[in-house]
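Student: Just passing along the structure, written as structure tokens.
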Amino acid sequence: MSGATTEPIHALVLAGRRTPDEAGVGTQRHKALEPVDGVPMLERVVAALRASGCVTSIHVCSDDPALTRATPLLAELAGAGALHFAASGASPAASVAGFLASGAATLPLLATAADHALLTPEMVRHFVATARAGDADFAVGLVEASLFRRRFPDARRTFIPLRGDAVSGANLFLFATPRAAEVARFWVGAESFRKRPWRMVSVFGPGVLLRFLAGRLDLDAALAHAGRVIGARLAAVRMPFAEAAIDVDTPADLAIANRLLAERRQSTPSPS
């Protein structure tokens, strides 16, 4: 992949049903429609993608086509041909893999989640520009624990402990080349290990597992080894935005998101 940034980016927003551990997050039948500071999460994510200037078309991945017309803004975009429906799979990974295998997928593809309520155009631009500056088939956004803890010392988040600093996902993925489909297929098998990092690492062999358990596995080495196993070039984008690691999975996440979005709104000058 070249470092050019003029090639259109297409986006996939994962908007599946609630999982059992998300049952206490709001009251909406579709979690994606849960309002955060008065605006449904899906609408916030779609608006951030469009305002980034990086994305030309957006697919919403769900089991309900009506989701793409669930609010006036979404309905307007769907009617204008800027927002489309994609059928979801049994899991987020299966949804991405299925979409990439369908005729609707166009690369490069940016995938994110509908509960990424704090996503901003600046985050999207930073991730896309950094990911496309290299030659990786696939790039993932990550937030380092030290950055996150400085901003949110008491917030709960799952981190993968690595040499140097632990990292958490930022729900941003760029599938840049056809080889990235191998990453999606691997992700389907590894998805059940998301909350158990050592099990995820063990998939790559005992040597890598031992280095991980001893605290001697760094991020670049982990990605290089994973790429060899999967058959694709992998890269990480270290996001400089601590809030990029927050998705709305729990009532505590929802409270943080409501507070931060209210602060953003109050600090934004009113149009004259």
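Student: Pairs please, first residue from segment 97-108 and buried (at least 16 other Cβ atoms within 10 Å of the Cβ) and of a type in the set (Phe, Trp, Tyr), second anywhere and at pLDDT 95 or above and not in a helix (DSSP H, G or I), Cβ atoms under 6 Å, 6+ apart in sequence or on different chains.
Tutor: Phe99/Leu12; Phe99/Ala86
Student: Looking at segment 156-178, which of its residues are among the hydrophobic types (A, V, I, L, M, F, W, C) and farther than 20 Å from Gly134 by Cα?
Tutor: Phe159, Ile160, Leu162, Ala166, Val167
Student: OK, next. So which of Ala86, Ala90, Ala47 is of a type in the set (A, V, I, L, M, F, W, C) and either assigned to a helix (DSSP H, G or I) or touching a Pro at 6+ places or on another chain (Cβ under 7 Å) (or both)? Steps first, answer last, please.
Tutor: On the way: Ala86 fails: either assigned to a helix (DSSP H, G or I) or touching a Pro at 6+ places or on another chain (Cβ under 7 Å) (or both); Ala90 fails: either assigned to a helix (DSSP H, G or I) or touching a Pro at 6+ places or on another chain (Cβ under 7 Å) (or both).
When all the criteria are applied, what remains is Ala47.
Student: OK, next. Checking the conditions here, which among Val124, Val143 is modelled with pLDDT of 95 or more, assigned to a strand (DSSP E or B) and surrounded by 22 or more Cβ atoms within 10 Å (Cβ to Cβ)?
Tutor: Values: Val124 fails: assigned to a strand (DSSP E or B).
Unique residue meeting the criteria: Val143.
Student: Taking only segment 219-260 into account, find how many residues are over 18 Å from Arg179 (Cα atoms) and buried (at least 18 other Cβ atoms within 10 Å of the Cβ). Show your work before the answer.
Tutor: Initially, segment 219-260 is screened for residues over 18 Å from Arg179 (Cα atoms), giving 219-222, 237-260.
Narrowing the set further to residues that are buried (at least 18 other Cβ atoms within 10 Å of the Cβ) leaves 219, 222, 237, 239, 241-249, 253-254, 256-257, 260.
Adding up the residues that qualify gives 18.
Student: Pick from segment 59-96 the residues that are free of Cβ contacts under 8 Å to residues at least 60 places away in the same chain and of a type in the set (Val, Ile, Thr): which of them is nearest to Ile9 (Cα to Cα)? Talk me through it step by step, then tell me what you get.
Tutor: First, the residues of segment 59-96 that are free of Cβ contacts under 8 Å to residues at least 60 places away in the same chain: 59-85, 87, 89-90.
Now narrow it down to the ones that are of a type in the set (Val, Ile, Thr): 60, 68, 71.
Values: Val60: 15, Thr68: 19, Thr71: 24 Å.
Looking at residues that are free of Cβ contacts under 8 Å to residues at least 60 places away in the same chain and of a type in the set (Val, Ile, Thr), I get Val60.
Student: Ser95: farther than 21 Å from Leu118 by Cβ and at pLDDT 90 or above, yes or no?
Tutor: Details: farther than 21 Å from Leu118 by Cβ: yes; at pLDDT 90 or above: yes.
Judged against the criteria, Ser95 is a match.
Student: Looking only at segment 161-192, which residues are aromatic (Phe, Trp, Tyr) and either surrounded by fewer than 19 Cβ atoms within 10 Å (Cβ to Cβ) or at pLDDT below 95 (or both)? Let's see the steps before the verdict.
Tutor: Our first condition is that a residue be aromatic (Phe, Trp, Tyr); within segment 161-192, this holds for 173, 175, 186-187.
Hits for segment 161-192 are Phe186, Trp187.
Student: Return only the number of the condition from (1) closer than 22 Å to Ala244 by Cβ; (2) more than 17 Å from the chain's Cα centre (by Cα); (3) among the small types (Gly, Ala, Ser) that Ala90 does not satisfy.
Tutor: Ala90 satisfies every listed condition except (1).
Student: Filter segment 58-80 for residues that are of a type in the set (Ser, Thr, Tyr) and at pLDDT below 95 and give the result. Lay out the reasoning, then the answer.
Tutor: Kept after step one, since they are of a type in the set (Ser, Thr, Tyr), are these residues of segment 58-80: 62, 68, 71.
Passing the criteria: none in range.
The values are calculated or read from the model by the stated rules, or taken from the named source; none is laboratory data. Because the structure is predicted, anything quoted here is derived from the model rather than measured. With ideal geometry, Cβ positions are generated from the backbone for all residues, glycine too; neighbour counts draw on all protein chains shown.
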